[in-house]
Structures are given as structure tokens and as C-alpha cells.
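The values are calculated or read from the model by the stated rules, or taken from the named source; none is laboratory data. If you're wondering where the values come from, they're calculated on a predicted model, not measured in any experiment. Cβ sites come from the backbone with ideal geometry, for glycine too, and all protein chains shown count toward neighbours. Remember, those area values only see protein heavy atoms, side chains included, never the ligands or the DNA or RNA. Shrake-Rupley method; radii C 1.70, N 1.55, O 1.52, S 1.80 Å.
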Amino acid sequence: MSACIRKIVFCALLCVLVLQGCAQPSDKETEREAGEKEEIVLWTYYETEMQKASMDELAAGFNESQEEYHLTWEYHGPVTEFNKRLAIGITQNQLPDMAILDNPDMPSYIDMGKLEDITVDVKEIEDLDQYFPNAMEPVISDGRYYGLPFCCNNVTLIYNKDILEEEKVSVPETWEELQAAARELSAPGRYGFAMSAIDGEQGAFQFGAFMLSAGDSLEQAGGEGTLSAFRFIRDMTEQGGMSRDCVNWSQNDVARTFIKGECAMMENGPWVFPALEESGINYGVAAFPTGEQQKGLLGGEDIVVLKGKNVAGSVAFLKYYSQTQAMLNANLMANSLPPRRDVAQLSLKVNPRYEVVLSQMENCISRTGCNNWSELSAKLVDGQFRVITGESSPEEVCAKIRAVKENDAGEGD
């Protein structure tokens, strides 16, 4: 389907769904003046134009669907600054009613006691079993619900169809094939493969896919699978299939490198699809190449209600968002995958490129399954930097990770 036809179908579907989603107000609601609506505020770090447009549409749809609450949303990003801003808000008691959080951040906010327990309200939502179980995991603690999944994603292999066809290289499905393809596709001014190895969550998220695919669980970090992953990345750079500069590249930087033709394949996710579509590049999306198993990390966001704020209004919004039309509209516009299986299937009718992302969902691991993900994340990106730049060997990096884990376990005893 051409980009033009997809846009026409997309607009037509949105019009139909928005009309379907508009609820008819009751006689009691029509008596209420607009100025009497209770104000509720949502904070997010969504920053792309399409993400902002999706939030505008979502807020407008909710406000039109009922006469009791009026929702506004505010941008407080990017994600690193967003968490700092929330921390300041907690200290100064100046918090919004709701916030959209990166899913690995959920445990810390739950442990701080800053999120409302909305278990009773969540269990009233219809078709709750349609949510992906791994997407639900971050919002649950000790059997209690502290939010709802907002969207989800994972990483894929994105490749330049023209370059692979010209070089007569097949789309790789395994690590061995990826390594060979990266070598064959490398040429002056172009690397065969690129990924983000930047310091922070993006670098850890991308390396995590390799570590899990190699056979280690998050709790086994530093083991044989982690060693294999570090060795693989070292070999990719030493053989010239991947640039050492990737330690400075964000996921969006990698996408820009791909668009400029400076790499033939990349590890990236659906958040870059809009930029690729706009560029006109002829690209394909494939499952992430496997090592020992088909495993990856779950990405995405959750929406939560802050402690002591407008719980009734926030829950009303969560229930509105959990409806098929509202969730589908928002995710189509923001270029993200809905966290419900049934809604995700509907989204493929407009954006079939999400088929690979959806097919990998069941094999993705939530980062909240790791007791100390934030600490492990820092260790992985530090190790990745040292291996890629040649400062340390994979064996030295893994030994350091194991030593720190053993020390932490000893202190715990």
C-alpha cells in the first residue's frame, strides 16, 4: 500500500472512530456548564509532532465524551528531565493528577508511595484480559494495580531494501547472518549495521535485546549469554560492520544515519517509522535476529494516578482510554502499538508495518522483572561503551558485573 493511500485510509478510519467514540450526554450532563467542569492535568514527555497531536485528540475526545471533567496535558520532557521534574513536584507538592511513565520507572514510584492504588477501578474495565500480560506487569505490585499500560513496543531489524537488493544480501535472521551481512554491506561511507549504544536507557534497551537473545535472563546478567552478546558487538565493530561512533548515537541519531544511507541496517523501533516514511526511503522491517532464543525487552509507557490528586476524574479518563476507539486513535496518531491484543490487531489494518512488532510482543520481557534494573542498566551501558571503544574486554566487563552483583547479594544477606 502506498504512503498516499495509507494516509487516506488513516484519515478515513480516524473520522469514523472519533464519531463512534463520541458519547451522547445525559439530561443531567447537559445542565452542567462547561466552566463548572473539574480540571484534571496529565504530564507526559511525548515530544514529536505526531505524539503531541495524539495527546490533543485524546484530551479533546475525553472532554467531549462527558460533562464532569476537563482534561489538559502538559509536556515536561524529555524523559530524563521529566523524572527530575516529577521529583521536584513530589518535593514541592505540585504534582499533576496523572502522568505517563516509562515502564521501568514504575517500581520506584510505587515504592515511594506516590501512586494511587486503583485496583477496584481497574477491575471494572471490560476486556481487561485483552491487555498483553507483559505490558500489565509493570503496573502491578503485590497483586494491586497502580496504573494501566498506555502503549508498548520492542526493537526490530530495519533494513534498506534497495541496498540489500543491489548487494544481493538476504535479510539476516540469526546473529551469524547479521554479522556476515554487515560485513558485506559495509562500503566507503557506509556501515552494514548501526545501533544506539549511548549512555542511558536507550543504550541499555538496545543491548538488552542481544543479551536476552543470547540466553541470559535479566537476573543472569554477566553470565555466558551476556559474554556472547558483548563479544558479538565487539566483533561487529572490529570487523568494520558497525561504527564505534554508535556510543554517541541515540535511537533517533541512528535513524538519521540510516536515512542518509550511512548504514544499511539498524536496530530500532516503531518510533522511527514516521521519520522513515517522511524521508521516502525504501525500507523493510524484520524480526530481530536471534542468538540462542527469541527474547527481547518490552518498551512502552504506563499511565498512572498521582497520590492524593483527582482520583475520580483520572479514573474516568483511564476508563475512556481503555475503550477500543480511543486507544486505537491515540496509538495510530502517535505511531505506537496499543497495549491490548484486540486493538493492536485493528491497528495493523492502517499500519501493517507493526506486524513484526506485534509478532514479537509475546516474547518480550518487562524490565520491571529485574529487582534492580536501574543499576543493571547502568552497568550494561558502561560495559558496552568499554567493549566498543576497546577499553575493556568482554570477559573483564562481565567479571565486573558479576562482582558487583555478588557484592550486592552479600550486603543483602
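Return the residue satisfying two criteria in turn: it lies in the range 31-89 and is among the hydroxyl-bearing types (Ser, Thr, Tyr), within 21 Å of the chain's Cα centre (by Cα) and open to solvent by less than 40 Å² (accessible area, probe 1.4 Å), and of such residues it is farthest from Gln202 (Cα to Cα).
Once the filter is applied, the top-ranked residue is Ser54.
Per-residue answers, yes or no, for (1) in a helix (DSSP H, G or I); (2) closer than 30 Å to Met327 by Cβ; (3) open to solvent by 10 Å² or more (accessible area, probe 1.4 Å):
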site	(1), (2), (3)
Lys168	no, no, yes
Glu176	yes, no, yes
Arg183	yes, no, yes
Ala204	yes, yes, no
Ala209	yes, yes, no
Thr226	yes, no, no
Phe232	yes, no, yes
Cys246	yes, no, no
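Looking at the range 340-380 only, could you name the residues that are more than 18 Å from the chain's Cα centre (by Cα) and buried (at least 23 other Cβ atoms within 10 Å of the Cβ)?
Once the filter is applied, which keeps residues that are more than 18 Å from the chain's Cα centre (by Cα) and buried (at least 23 other Cβ atoms within 10 Å of the Cβ), the range 340-380 yields only Leu380.
Considering the range 381-400 alone, what residues qualify as being over 13 Å from Gly222 (Cβ atoms), open to solvent by 30 Å² or more (accessible area, probe 1.4 Å) and assigned to a helix (DSSP H, G or I)?
Phe385, Arg386, Thr389
Give me the pairs: first residue in the range 157-168 and modelled with pLDDT of 95 or more and of a type in the set (Lys, Arg), second residue surrounded by fewer than 21 Cβ atoms within 10 Å (Cβ to Cβ) and not in a strand (DSSP E or B), beta-carbon distance under 6 Å, and six or more apart or on different chains, which are they?
If the second residue must be surrounded by fewer than 21 Cβ atoms within 10 Å (Cβ to Cβ) and not in a strand (DSSP E or B), the pairs left are Lys161/Asn282.
Go through the range 170-213 residue by residue and tally those that are of a type in the set (Asp, Glu) and within 23 Å of the chain's Cα centre (by Cα).
Selection size over the range 170-213: 3.
Here is a list: Gly313, Gly300, Gly308. Which entry is more than 18 Å from Phe210 (Cα to Cα) and open to solvent by 50 Å² or more (accessible area, probe 1.4 Å)?
Every option except Gly308 fails the conditions.
Residues in the range 62-73: is at least one closer than 29 Å to Ser250 by Cα, part of a strand (DSSP E or B) and not acidic (Asp, Glu)?
Yes: the range 62-73 contains one or more residues that are closer than 29 Å to Ser250 by Cα, part of a strand (DSSP E or B) and not acidic (Asp, Glu).
Which numbered condition in (1) closer than 30 Å to Ile198 by Cα; (2) surrounded by fewer than 22 Cβ atoms within 10 Å (Cβ to Cβ); (3) among the aliphatic types (A, V, I, L, M); (4) more than 25 Å from the chain's Cα centre (by Cα) is the only one that Met333 fails?
Of (1) closer than 30 Å to Ile198 by Cα; (2) surrounded by fewer than 22 Cβ atoms within 10 Å (Cβ to Cβ); (3) among the aliphatic types (A, V, I, L, M); (4) more than 25 Å from the chain's Cα centre (by Cα), only one is false for Met333: (4).
Does Glu219 satisfy being open to solvent by 40 Å² or more (accessible area, probe 1.4 Å), closer than 20 Å to Trp373 by Cβ and in a helix (DSSP H, G or I)?
Considered against the rule, which asks whether it is open to solvent by 40 Å² or more (accessible area, probe 1.4 Å), closer than 20 Å to Trp373 by Cβ and in a helix (DSSP H, G or I), Glu219 comes out as yes.
Restrict the check to the range 124-140 and report whether at least one residue is open to solvent by 20 Å² or more (accessible area, probe 1.4 Å) and of a type in the set (Ser, Thr, Tyr).
Checked the range 124-140: no residue is open to solvent by 20 Å² or more (accessible area, probe 1.4 Å) and of a type in the set (Ser, Thr, Tyr).
Criterion first (hydroxyl-bearing (Ser, Thr, Tyr), in contact (Cβ under 8 Å) with a residue 24 or more places away in the chain and crowded, with 17+ Cβ neighbours inside 10 Å) does Thr237 satisfy it?
Considered against the rule, which asks whether it is hydroxyl-bearing (Ser, Thr, Tyr), in contact (Cβ under 8 Å) with a residue 24 or more places away in the chain and crowded, with 17+ Cβ neighbours inside 10 Å, Thr237 comes out as yes.
Quick one: count up the residues across the range 188-202 that are open to solvent by 40 Å² or more (accessible area, probe 1.4 Å) and either in contact (Cβ under 8 Å) with a residue 40 or more places away in the chain or of a type in the set (Gly, Ala, Ser) (or both).
Summing the residues that are open to solvent by 40 Å² or more (accessible area, probe 1.4 Å) and either in contact (Cβ under 8 Å) with a residue 40 or more places away in the chain or of a type in the set (Gly, Ala, Ser) (or both) in the range 188-202 gives 7.
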